[in-house]
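Heads up: the structure comes next, in C-alpha cells.
The values are calculated or read from the model by the stated rules, or taken from the named source; none is laboratory data. This one's a predicted model, so the numbers in the text were calculated from it and none came from an experiment. Neighbour counts are summed over all protein chains in view; Cβ atoms, including those assigned to glycine, are modelled from backbone coordinates with ideal geometry.
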Amino acid sequence: MEQILHGLKTAMLMVVVQIVFAGVNVLYKLAVCDGMSMKVTVAYRFIFASALMIPLALLVERKRPKLTWTILLQAFFCGLLGGSVAQNLYIEAMALTSATFVSAITNLIPAITFIVAVTIGLEKVGFGTMAGKAKVFGTLIGLGGAMIFTFFKGPRIEMGSVHLDLLRHLHHVPSSSSSSSNSHPSTAHHVLGALLALASCTCYAIWLNIQTKMSEKYPCYYSSTALTCTMAAIQTTALALCVEKDWSRWKLGWNVRLLTVAYAGIFGSGLMISLISWCVRMRGPLYASSFSPLSLVLVALAGAFFLEEKLYLGSIIGAVLVVVGLYIVLWGKGQEMKRMNQLVSSNKNCSNNGAIQVVVAPCADNTSTINNNDDNSKH
C-alpha cells in the first residue's frame with residue numbers, strides 16, 4: 001500500500017498543479033475585466049514569486065551544489081521560455097480569442113514536449129512496445145478530445161442554480177464594443193491568437209526539457225525555482241516598463257488585482273514550479289506535460305460555475321476523451337518506469353553476484369595453499 005501511495009504521489013501533485021493553474025486562469029479573466037494591464041500582471045506575478053522563493057531557498061536548502069555559469073544560463077532560459085515569453089504570449093492569445101480556446105490549445109503541450117524530448121534524447125518512442133504505443137495513442141486521444149471540446153458544441157448543459165457570477169462584483173466592465181469583439185473575434189485575430197497560443201505551448205514544452213537538464217546538475221527545487229522566477233521577474237518587469245509607462249497602471253489596491261498577482265505569484269509560479277521541477281526530475285518532462293489537458297476541463301467547469309460561461313455537450317465529450325487519453329499516457333509511462341526499475345534491479349543483482357565470486361576466489365587460493373603446506377609438511 002505504501003508503494004502504491006508513493007507511486008501516486010507525483011500524479012496527485014500534478015493534479016494539484018493543474019487545479020492551481022485553473023484558478024490562475026479565472027483570476028486572470030477577472031483582472032482583465034477590471035481593466036488591469038496583463039503585462040503588469042505578469043511582471044507582478046514573478047516579483048511576488050521571487051519574493052517568496054528566495055528566502056525559502058536560503059532557509060531550506062543551505063547545502064546546494066556550486067552555482068556555475070551553465071546553471072545560470074539554464075535558469076535564464078527557464079525564466080525566458082517558461083516564464084516571461086510563455087506567459088505574455090498566453091495572455092495576448094487570450095485577448096485575441098478566448099480563455100477556453102487558449103486552454104484547449106495548451107493541450108498540444110504533451111505532443112510538443114514529446115517531440116522535443118525525443119529530438120534531444122530525453123524520451124524514446126518505443127512504438128514496438130505497449131508502453132510506447134500507449135504514450136502515442138494516449139496523446140492523440142487527448143488532442144482529439146481537446147479539439148472536440150473547442151470546435152463541437154452540441155446542446156447546452158444547464159448547470160442549474162449552482163453558480164456564482166464573480167464578474168458582477170467588479171466595478172470596471174469593458175465596453176460593449178470590446179466585449180463583443182472578444183466574444184466574436186475576427187478571423188485574422190483568431191488565427192493570430194491561435195499562432196500565439198501555439199508559440200506559448202512550444203516555449204512551455206522547451207522549458208520542461210531545459211528544466212529536466214537543469215535538475216540533473218542542480219537538484220535543488222526551491223533554489224532552481226528562485227533562480228527561474230528571479231530571471232523571469234527581471235525580464236517581465238523590463239518589458240512592462242517599456243510598454244506601460246503610466247505609473248497609475250502599476251498601482252495595486254485591496255481588490256482583485258492584488259489577489260490575482262499574489263495568488264499567481266505565490267502559488268501559480270513559486271510553489272507550483274517547485275512541484276513541477278520535482279515531478280519532472282522523478283518522471284520526466286512528458287509525464288509532467290501529460291496533465292495539461294486537465295487544465296482545460298477545470299477552466300471550463302470554473303467558468304461555468306463562477307464566470308457565467310456556457311457549457312455544452314461537446315465540452316463533456318471532449319473532457320471525457322481528454323481524461324481517457326491522460327490515463328493511457330500515464331499507464332504507458334508507468335509501464336516504462338517499471339521496466340526500467342526491473343532492469344536496474346537486475347543489473348544490481350548481477351553486480352552483487354560478481355562481487356561474491358571475487359570474494360570466494362581468494363578463499364579457494366588460500367585453501368589450496370594450506371593443502372600444499374600440509375603436503376609439504378608430510379614429506
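If residue 13 satisfies all but one of (1) within 30 Å of residue 248 (Cβ to Cβ); (2) in a helix (DSSP H, G or I), what's the number of the condition it fails?
So the condition that residue 13 fails would be (1).
Can you spot a residue in segment 19-27 that is over 18 Å from the mean Cα position of the chain (by Cα), modelled with pLDDT under 85, buried (at least 19 other Cβ atoms within 10 Å of the Cβ) and not β-branched (Val, Ile, Thr)?
The answer is yes, given that some residue of segment 19-27 is over 18 Å from the mean Cα position of the chain (by Cα), modelled with pLDDT under 85, buried (at least 19 other Cβ atoms within 10 Å of the Cβ) and not β-branched (Val, Ile, Thr).
Any residue at all in segment 121-130 that's at pLDDT 75 or above and not in a loop (DSSP other than H, G, I, E, B)?
yes
To keep it simple, each residue is scored yes or no on (1) at pLDDT below 90; (2) under 16 Å from the mean Cα position of the chain (by Cα).
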{"site": "227", "(1), (2)": "no, no"}
{"site": "240", "(1), (2)": "no, no"}
{"site": "257", "(1), (2)": "yes, no"}
{"site": "271", "(1), (2)": "yes, yes"}
{"site": "281", "(1), (2)": "yes, yes"}
{"site": "284", "(1), (2)": "yes, yes"}
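In segment 306-324, which residues are out of contact with any Phe, Trp or Tyr (no Cβ under 8 Å at 6 or more places or on another chain) and either crowded, with 24+ Cβ neighbours inside 10 Å or at pLDDT below 70 (or both)?
If the condition is that a residue be out of contact with any Phe, Trp or Tyr (no Cβ under 8 Å at 6 or more places or on another chain) and either crowded, with 24+ Cβ neighbours inside 10 Å or at pLDDT below 70 (or both), then 306, 307, 308, 309, 310, 311 are the ones that fit.
Need the failing condition index for residue 32 against (1) modelled with pLDDT of 85 or more; (2) buried (at least 19 other Cβ atoms within 10 Å of the Cβ), just the number.
All conditions pass for residue 32, except number (1).
What helices (runs of 4 or more DSSP H) lie completely within segment 38-110 and have 1 or more residues being in contact with a helix residue (DSSP H, G or I) (Cβ under 6 Å, 6 or more places away or on another chain) and without any contact (Cβ under 8 Å) to a residue 60 or more places away in the chain?
In segment 38-110, 38-60 are the helices (runs of 4 or more DSSP H) which contain 1 or more residues that are in contact with a helix residue (DSSP H, G or I) (Cβ under 6 Å, 6 or more places away or on another chain) and without any contact (Cβ under 8 Å) to a residue 60 or more places away in the chain.
Give me a count of the residues in segment 5-56 that are more than 21 Å from residue 235 (Cα to Cα) and among the hydrophobic types (A, V, I, L, M, F, W, C).
Of all residues in segment 5-56, those more than 21 Å from residue 235 (Cα to Cα) come to 5-23, 25-27, 29-35, 56.
Filter once more, keeping what is among the hydrophobic types (A, V, I, L, M, F, W, C): 5, 8, 11-17, 19-22, 26-27, 30-33, 56.
Total meeting the criteria: 20.
Would you mention how many residues in segment 240-249 are surrounded by fewer than 16 Cβ atoms within 10 Å (Cβ to Cβ) and assigned to a helix (DSSP H, G or I)?
Adding up the residues that qualify gives 6.
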